Every structure is written in structure tokens, then in C-alpha cells.
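Below is one structure, written out as C-alpha cells; the observations come after it.
The values are calculated or read from the model by the stated rules, or taken from the named source; none is laboratory data. Here the structure is a predicted model, which means the values were calculated and not measured. Because the Cβ atoms are built from the backbone with ideal geometry, glycine has one as well, and the counts that use them run over all protein chains shown.
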2 protein chains.
Amino acid sequence: MRYAVLGTGIVGRTVAARLESLGHRVVIGTRDPGATLGRPEYADWQEVHPGVSLAGFAEAARDGEVLVNATGGQFSIAALTEADAAHLDGKVLIDIANPLDFSAGFPPGLDPVDDDSLGELIQRTFPGLRVVKTLNTMNCQIMVDPARVAGEHHVFVSGEDAEAKKLVRELLHSFGWPQESVLDLGGIETARGTEMLLPLWLRLMSALGHTDFNVHIQGA
Amino acid sequence: MRYAVLGTGIVGRTVAARLESLGHRVVIGTRDPGATLGRPEYADWQEVHPGVSLAGFAEAARDGEVLVNATGGQFSIAALTEADAAHLDGKVLIDIANPLDFSAGFPPGLDPVDDDSLGELIQRTFPGLRVVKTLNTMNCQIMVDPARVAGEHHVFVSGEDAEAKKLVRELLHSFGWPQESVLDLGGIETARGTEMLLPLWLRLMSALGHTDFNVHIQGA
């Protein structure tokens with residue numbers, strides 16, 4: 001499969017590397033490829049991942065059969081607008097971002113929150129996309145390697161399109177998620193629930209002093 | 001110990017019954033005791049729990065050494081105002097409520113949310129109280145009988161006062177919570193995290209078709 005991962009941060013790079021290791025063709029999308037390659041952090045990573053290519057948002061979105069939104073949540077709509085709706089129509093977008101709002105410092109709040117979510121906002125703004133919200137409730141290392149956390153734990157899935165969710169389930173399985181660990185919450189509206197888990201996640205990070213944890217719904 | 005449980009709904013009654021079964025003296029606080037006794041649901045319950053008394057908010061708060069806020073979150077400040085600050089000063093208030101806002105129908109949203117929480121609002125409005133937020137992340141049957149859900153799962157604690165938290169830990173232990181299941185998140189600000197778990201809880205209830213589940217933080 002050809003994947004376009006939008007976003008060059010640690011989340012995007014971690015998912016891109018995992019997809020490539022599974023034999024997929026992967027292009028990372030960014031606003032300005034030249035500027036991204038000028039960042040030592042990215043350039044160093046690129047050197048050890050020569051098989052992953054880098055392109056502007058529009059070119060990446062055109063090349064990808066499946067898209068992954070790993071941009072900062074406050075910039076997701078701008079990035080997808082730049083990607084161009086013509087390159088999005090009919091495609092599955094796996095939204096792993098959170099609408100973290102750092103405008104009042106740390107810990108960040110969420111925007112939108114409560115009566116809307118980033119997942120819904122993306123689906124509403126780009127109705128041609130088949131948005132599946134998932135993986136946004138954990139550290140990116142756990143996303144692609146769930147065995148990092150011992151014992152059973154869950155990954156949530158929200159979205160309107162059954163076929164798109166089936167594709168995402170298979171991808172999650174290839175990442176190492178057992179079928180029984182994938183908890184389908186329903187339509188994209190349920191993304192409100194998983195995005196609003198982030199405030200607890202941030203406080204758990206502070207209380208525990210690490211990020212190698214994940215939620216398990218006991219009794220599910 | 002003398003407990004005053006504010007709120008006559010299923011949450012308040014469940015906690016009151018459990019406290020009484022543990023040998024505590026329990027008074028339930030309500031706005032209008034006559035009106036409450038006129039509700040068949042409450043009257044039936046009262047009949048099988050004759051040891052629990054019913055009183056107005058002020059009388060209940062005066063009698064209780066420890067207070068439990070089990071009112072609807074939108075009415076908590078009004079209830080505590082009626083209870084009278086003079087009856088609150090220096091006391092521990094165990095806040096098990098959530099600021100559920102049903103003004104836009106079901107599922108409810110939260111108000112306050114994200115940049116504030118009910119726990120903080122109560123602590124700020126009644127600085128003489130020693131507020132501990134806990135138990136608000138699960139069905140009330142599980143609050144008082146955690147073994148209802150098989151396997152390990154967590155109850156969170158938020159608050160500023162170490163002594164008050166110690167009292168709450170002991171109470172939770174008497175309810176059946178093992179020490180390792182009590183996860184102290186830090187100050188009352190962390191109540192934002194646990195209150196914002198409710199939107200996910202509500203969607204899990206819909207997806208699973210029951211409420212006999214609870215969150216376990218795997219890797220904590």
C-alpha cells in the first residue's frame with residue numbers, strides 16, 4: 001500500500017518508519033520540504049530512513065492511497081487544505097492527531113473540545129475523506145509497538161465508514177494489536193471521547209513520570 | 001465517622017447505603033426533605049434503609065464530619081451555598097460528581113470543561129473545604145464494590161490536602177479498593193483529567209451496552 005503521512009514530528013516519523021518496515025511505500029508530507037530537511041532532527045532521521053520520501057502536502061496526498069494525519073491538531077485543517085481536496089476524495093484518512101492548544105501554556109487544553117472534535121471537524125470540512133480516528137490516546141512508540149506495555153490494553157476506533165475501519169483494523173493488527181484490543185466506539189462523533197482522554201493522559205504522564213502506559217477498559 | 005451525603009439520586013443513595021453498612025452514621029442532604037420523601041423512588045429506598053436519615057443541606061452539612069458531594073454537577077455550587085460555608089469550613093468534601101450538561105441532549109457535554117473543572121470550582125468557591133475529587137469515573141455500583149469488575153482497575157484521586165487524601169484512601173480501602181488501585185494524580189487541577197474522561201465513559205456505555213467497566217492504566 002502507498003501511505004502518505006502528513007506531519008514531520010516524532011509521531012509522523014515513528015508511524016512512517018513502522019509502515020516502511022512493514023513493506024509499504026511511504027511519503028511524508030510537509031509544508032516546505034526544503035525547510036524540513038534543514039532541521040537537523042529531521043535530516044538525521046531521514047539519513048537512517050532513506051526509503052521514506054519527503055514531499056509537499058499536495059504531492060504527498062496525491063501519491064498516498066491512504067493518508068495519516070500526524071500534524072499538530074491546530075494545523076491539521078490548514079495542512080489538509082494545502083493537500084487539496086482533489087487529492088483527498090474517496091481516500092481513507094487515519095487521524096491520529098489531537099487538537100492540543102498550547103496557547104495558555106502547559107499542560108495544553110483542547111480546541112475544539114466537548115461539543116466538537118478534531119476528527120469531526122476534519123470529516124465535516126473534507127466530506128470526501130473517509131476519516132477514522134484512532135491511536136490518538138497513547139505515546140507514539142506504543143502506537144506502533146503495543147507490546148511495549150505489558151498486559152492487555154485498548155486502542156479505540158471512531159468513524160463512519162465500515163470499509164475504512166476494516167482497513168484500519170488490519171493495519172493495527174499488522175502493528176501488533178490483537179483483534180480484541182481494538183475497541184470500535186461507533187461514528188466519528190465518538191472521537192470527542194478519545195480526544196478528551198488527553199487531559200488525563202497528560203496528568204498521568206506527570207504523576208507517573210513516564211509515558212509507557214495505556215488505557216485498558218476492564219470489563220469491556 | 002459521621003458522613004453527610006449531599007444528593008438523593010442513585011449515586012448518593014448507593015454511597016450512603018455502603019457507608020451505613022460499614023458502621024458510619026449517615027445523613028443524606030437534600031433541598032427539601034418533604035419533597036424528597038414524596039418521591040416513591042426515594043421513599044421506597046428509605047424504607048429499606050431506616051438507619052440513614054434525611055435532612056436539609058444545611059442541617060446535613062452541620063451534622064457531617066465528612067461530606068460527600070453526590071449532587072448533579074450543575075447544582076453542586078447551589079447545594080453547597082445552601083449548606084452554608086460555616087458548616088463547611090475545615091471539613092473534607094469528597095467530590096464524586098461530574099459537571100454533566102444535558103442542555104443539548106444526550107450524550108451530555110461538560111460545563112465547566114478543559115480550562116476548569118467542577119472540583120476546582122468547588123475548592124475555589126469554598127476555600128475552607130478540603131476537596132478531594134475521586135470515584136467520578138465509574139458507575140456508582142463499582143464505586144462501592146470494585147470487585148464487581150474482574151481484574152485490576154483504577155480509581156483516581158485529586159486534591160490539595162494530604163491529610164484529606166489519606167482519609168479518602170482509607171475510605172476507598174474500606175469500600176474494597178486495594179491500595180495499588182488508588183492513583184493519586186496530584187492537586188485539584190488534575191480533576192480536569194478525570195472529569196473529561198466522562199465523554200469517553202458515555203460512549204463506552206453505548207458501545208458496550210452496559211456500565212460494568214472501569215479504566216485500568218496499564219503500565220502505571
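Checking A:Asp89 against (1) free of Cβ contacts under 8 Å to residues at least 60 places away in the same chain; (2) among the charged types (D, E, K, R); (3) assigned to a helix (DSSP H, G or I), only one condition comes out false. Which one?
It fails just one condition, (3).
For (1) crowded, with 21+ Cβ neighbours inside 10 Å; (2) over 19 Å from A:Val131 (Cβ atoms); (3) facing chain B (nearest Cβ under 10 Å), each residue gets a yes or a no:
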{"position": "A:Phe156", "(1), (2), (3)": "yes, no, yes"}
{"position": "A:His173", "(1), (2), (3)": "no, yes, no"}
{"position": "A:Gly193", "(1), (2), (3)": "yes, no, yes"}
{"position": "A:Leu202", "(1), (2), (3)": "no, yes, yes"}
{"position": "A:Leu208", "(1), (2), (3)": "no, yes, yes"}
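Restricting to region B:158-171, name every residue that is surrounded by 22 or more Cβ atoms within 10 Å (Cβ to Cβ) and over 20 Å from B:His24 (Cβ atoms).
Listed by number, the residues that qualify are B:Ser158, B:Gly159.
Before we move on, is B:Asp114 closer than 30 Å to A:Glu189 by Cα and either at pLDDT 95 or above or assigned to a strand (DSSP E or B) (or both)?
The answer is yes for B:Asp114.
Within region A:176-191, track down each residue that is surrounded by 24 or more Cβ atoms within 10 Å (Cβ to Cβ) and facing chain B (nearest Cβ under 7 Å).
A:Thr190
Tell me which residues, restricted to region A:210-220, are at negative phi and at the interface with another protein chain (Cβ under 7 Å from one of its Cβ atoms).
Within region A:210-220, A:Asp212, A:Phe213, A:Asn214, A:Val215, A:His216, A:Ile217, A:Gln218, A:Ala220 qualify.
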